[in-house]
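Okay, structure first, notes after.
The values are calculated or read from the model by the stated rules, or taken from the named source; none is laboratory data. Everything quoted here is computed from the prediction, not taken from an experiment. Ideal geometry is used to build each Cβ from the backbone, glycine not excepted, and the neighbour counts take in all protein chains shown. These accessible areas exclude ligands, DNA and RNA; they are computed on the full protein's heavy atoms, side chains included. Shrake-Rupley method; radii C 1.70, N 1.55, O 1.52, S 1.80 Å.
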Amino acid sequence: MHNIHIAGTGIWFPEQKVTNEEIVNSYNAYVENFNKINKESIDKGSVLAMEYSSAEFIEKASGIKSRYMIDKEGSLDINRMMPRVENEHPDRLSIHAKVGIEAAKKAMEQAEVSSDQIDAVIVGTSHAPRNYPAIGIEIQNELGINGYAYDILVGCSSTTFAINNAFSDIASGLADTILVINPEINTPHVNFTHRDKHFIFGDACAATVVQRDSTSKKAFKILDRKLHTQFSNNIRSNYGYLNRAAMDNKIDEELLFHQNGKGVFKDVCPLVASLISNQLKSNNIEPSDISKFWLHQANGKMIRLITSKIIGTDDFDPSITPMPISEFGNLASVGSLFAFNLNNDLSSGDKGVLCSFGAGYSICSIILEKT
Ligand code: COA
């Protein structure tokens, strides 16, 4: 009887930290400038004045205090309001591959595996930088890994769906050890001139080694996986290769990341809570047997609400729901893995739930047990 484990994980994030105060100062300076330039039209009523943002609102509404960005200067420059990046180029390693390799090396070290033991690479991300060749194959080549590689796109559930694919490939006998990599370079897709969106995302990457019968000290046995998807436009990006040929001439602002935050909150919390509750029940595990809920980091209130629905009380030890969102912001699909990587010092036999949820809607919950 074989077991399949998360043998090790690794994380990467940029050096440049941006506090709420810094991001609000930049946004508010942009607003002041916009309102000054458009004063005449605003006074006439033909243009709406922009409203100011506030650091207090951001922390209260989301739990976010700061985030890390690939380019703080460009993102906070009121004449630019986006990071400075370069187009993909065949002579250069892509940014997704670069950060993926950084996270992968840490995961491989923790899992005690080398490149020649890896049979496949699966990259899962919310934002693909290009259509092909797959980032997974680029990373496979750089790390000298044999076998196969591919990319998947499942919004904020890309990390857990990729871990699920790795499990399935191993269970079917296709591979023994798979490297899952999740680059989330989110800030190029954020509209930093939108008050209800400018504070949400940070950039990051995580990697996970999934392995049959791992002997790593950090290994967690995968006990069960549950996946659910349900179509919604409440989190949507219309950016893609059709844009250049589209006849409706939409501007960037209409194509970038868009969300109806309140709608997401209302729809997703009950869905996730019931999926995890039913999963625990069907595995004969009591919610009180769960030492950690490593949940998707979209909003601190969502994390607390989902956990209280599962365990039946809002009076619980906050350390069971790690909240890296406070320091890192929303990291799209790697939020739950950051929560796991930074808070998994458990004893043998302890159980936890790794669960992501987001665009699609998509949810994947994985029950883990420390070996
Ligand atoms: N500063 C100050 N005020 C702000 C503001 C800002 N940056 N952004 C919005 N506001 C105002 C709004 O205009 C609104 O004012 P009104 O009541 O006069 O209309 C008020 O604050 C409340 O705004 P709202 O957008 O309803 O806030 P919220 O409590 O729903 O929090 C989110 C917003 C986005 C933090 C929250 O909805 C959320 O996190 N939802 C889940 C998102 C999610 O899961 N996303 C997944 C993507 S991976």
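Screening the candidates Asn164, Asn186 for the property of being open to solvent by 10 Å² or more (accessible area, probe 1.4 Å), in contact with a strand residue (DSSP E or B) (Cβ under 6 Å, 6 or more places away or on another chain) and not hydrophobic (A, V, I, L, M, F, W, C) yields one hit, Asn164. When you scan region 175-193, do you find a residue that is away from the ligand (no atom under 14 Å from the Cβ), in a helix (DSSP H, G or I) and over 17 Å from the mean Cα position of the chain (by Cα), even just one? No. Going residue by residue through region 265-282, is there one that turns out to be more than 22 Å from the chain's Cα centre (by Cα) and at pLDDT below 95? No.
Please go through region 326-371 and pick out each residue that is of a type in the set (A, V, I, L, M) and either open to solvent by less than 10 Å² (accessible area, probe 1.4 Å) or part of a helix (DSSP H, G or I) (or both). Scanning region 326-371 gives Leu331, Ala332, Val334, Leu337, Ala339, Leu342, Val353, Leu354, Ile363, Ile366, Ile367, Leu368. Considering (1) modelled with pLDDT of 95 or more; (2) surrounded by fewer than 19 Cβ atoms within 10 Å (Cβ to Cβ); (3) of a type outside the set (Lys, Arg); (4) assigned to a loop (DSSP other than H, G, I, E, B), the lone condition that Asp314 does not fulfil carries the number (1). Restricted to region 16-49, and to residues there that are under 34 Å from the mean Cα position of the chain (by Cα) and among the hydroxyl-bearing types (Ser, Thr, Tyr), the residue that is farthest from Thr187 (Cα to Cα) is Tyr30. Summed over region 167-183, the residues that are open to solvent by less than 10 Å² (accessible area, probe 1.4 Å) and touching a helix residue (DSSP H, G or I) at 6+ places or on another chain (Cβ under 7 Å) give a count of 8.
Taking residues in region 158-173 that are over 17 Å from Ser214 (Cα atoms), and partners anywhere that are assigned to a helix (DSSP H, G or I) and at pLDDT 95 or above, the pairs with Cβ atoms closer than 7 Å and at least 6 places apart or on different chains are Ser158/Ser333; Thr159/Ser333; Thr159/Val334; Thr159/Ser336; Thr159/Leu337; Thr160/Ser336. Quick check: is even one residue across region 99-115 open to solvent by 20 Å² or more (accessible area, probe 1.4 Å), within 16 Å of the ligand (Cβ to nearest atom) and over 21 Å from the mean Cα position of the chain (by Cα)? Among the residues of region 99-115, not one is open to solvent by 20 Å² or more (accessible area, probe 1.4 Å), within 16 Å of the ligand (Cβ to nearest atom) and over 21 Å from the mean Cα position of the chain (by Cα), which makes the answer no.
Keeping to region 218-238, report how many residues are within 16 Å of the ligand (Cβ to nearest atom) and part of a loop (DSSP other than H, G, I, E, B). Walk me through it before giving the result.
Quick first cut of region 218-238, residues within 16 Å of the ligand (Cβ to nearest atom) only: 228-238.
Among the residues that remain, those that are also part of a loop (DSSP other than H, G, I, E, B) are: 230-234, 237-238.
The qualifying residues number 7.
Within region 13-49, the set of residues being touching a helix residue (DSSP H, G or I) at 6+ places or on another chain (Cβ under 8 Å) and either over 19 Å from Ser66 (Cβ atoms) or open to solvent by less than 40 Å² (accessible area, probe 1.4 Å) (or both) comprises Val18, Asn20, Ile23, Val24, Ser26, Asn35, Ile42, Val47, Leu48, Ala49.
Scan region 234-277 residue by residue and report those that are surrounded by 12 or more Cβ atoms within 10 Å (Cβ to Cβ) and of a type in the set (Ser, Thr, Tyr). Hits for region 234-277 are Ser237, Tyr239, Ser274, Ser277. Beta carbons closer than 7 Å, at least 6 apart along the sequence or on distinct chains, pair a first residue in region 48-62 that is assigned to a helix (DSSP H, G or I) and more than 7 Å from the ligand (Cβ to nearest atom) with a second that is of a type outside the set (D, E, K, R) and open to solvent by less than 100 Å² (accessible area, probe 1.4 Å) for Ala55/Asn20; Ala55/Val24; Glu59/Asn20. Sub-6 Å Cβ pairs linking a first residue in region 213-225 that is within 17 Å of Glu109 (Cα to Cα) to a second residue that is of a type in the set (Val, Ile, Thr), at least 6 apart or interchain, are Ala219/Thr371; Phe220/Ile6, ordered by first then second residue. Per the listing Ile42, Ile70, Ile118, the residue uniquely more than 16 Å from the ligand (Cβ to nearest atom), at pLDDT 95 or above and within 28 Å of Asp213 (Cα to Cα) is Ile118.
Taking the conditions (1) among the small types (Gly, Ala, Ser); (2) within 16 Å of the ligand (Cβ to nearest atom); (3) in a loop (DSSP other than H, G, I, E, B) in turn, Ser214 satisfies each one other than (2). Within this structure, Asn79 passes the test of being at pLDDT 95 or above, more than 15 Å from the ligand (Cβ to nearest atom), at negative phi and open to solvent by 100 Å² or more (accessible area, probe 1.4 Å).
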